[in-house]
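A short write-up of the structure that comes next.
Please treat every number below as a calculation from the coordinates, not as lab data. Computed from a predicted model, the values in this text were never measured in an experiment. Using ideal geometry, Cβ is built from the backbone for each residue, glycine included, and neighbour counts are taken over all protein chains shown.
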Amino acid sequence: MRRAGRFDVTIHVPPPDAEARRAILQLELSKRSTSKRALEPHWLEVFAKEKLEGYTGAEVVAVVQMAAELTRESQEAEIDRQHLLSACERVPPCTLEQCQVHLQHGVPPSPLSLLPSPPPSPADSLWPSPRQYFVISSVLIVLFALVWQLIMHFDVDTFHWLHLPQ
């Protein structure tokens, strides 16, 4: 719903074409450790054309991010074709064009297909990510160093309740 005076001009920005999706895919994969098979130009072209039809640029990036997450979960070193295919299933496009494609093929889009990515599982939230682990451990090291400096700075007799050896 729109009221007068707001958004008077509507500009339609269609999703990128197959070549643009392939370029986005290649750019994002070049930033990550990816198998040679997954970077094969012909395979990327077919994948972008057939599997990523209707995806926006941001959704193509989300597919690569999900593939990287799946790679990490499987404890493999490189993103492979299967990771990209699985990520494509987990990150469906949520554009109007894709909804129209679903309706034309007689497949109504499910409410879940409009979600950009699945919610994290409870098991994922129990363990910190490597970045969180690094930040937490760094803060703890600094905290312990500060406490140690405070203890060493003051006279031991002042803190007789600490029972420090003399």
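The string of couplings for the range 66-80 from the Karplus curve (6.51, -1.76, 1.60, θ = phi - 60°) is 5, 4, 5, 5, 5, 5, 5, 5, 7, 6, 9, 8, 10, 5, 10 Hz, one whole number per residue in order, with x for Gly and Pro.
Sum up the charges of everything whose Cβ sits under 14 Å from the Cβ of residue 41, counting Lys and Arg as +1 and Asp and Glu as -1, but leave residue 41 out. Numbers along the way, then the final one.
Values: positive: 21, 22, 36, 37, 49, 81; negative: 19, 40, 45.
Computed value for this residue: +3.
Less than 5 angstrom separates the built amide H of residue 34 from those of 79, all sequence-distant by 5 or more or on a different chain. For the range 18-94, a/c is not less than 1.5, where a ≥ b ≥ c are the root eigenvalues of the C-alpha gyration tensor, and a/b does not top b/c. That puts it in the oblate class. Shown here for the range 37-89: GluC sites (Glu not before Pro) in loop regions (DSSP other than H, G, I, E, B) with at most 16 other Cβ atoms within 10 Å, namely 53, 76, 78.
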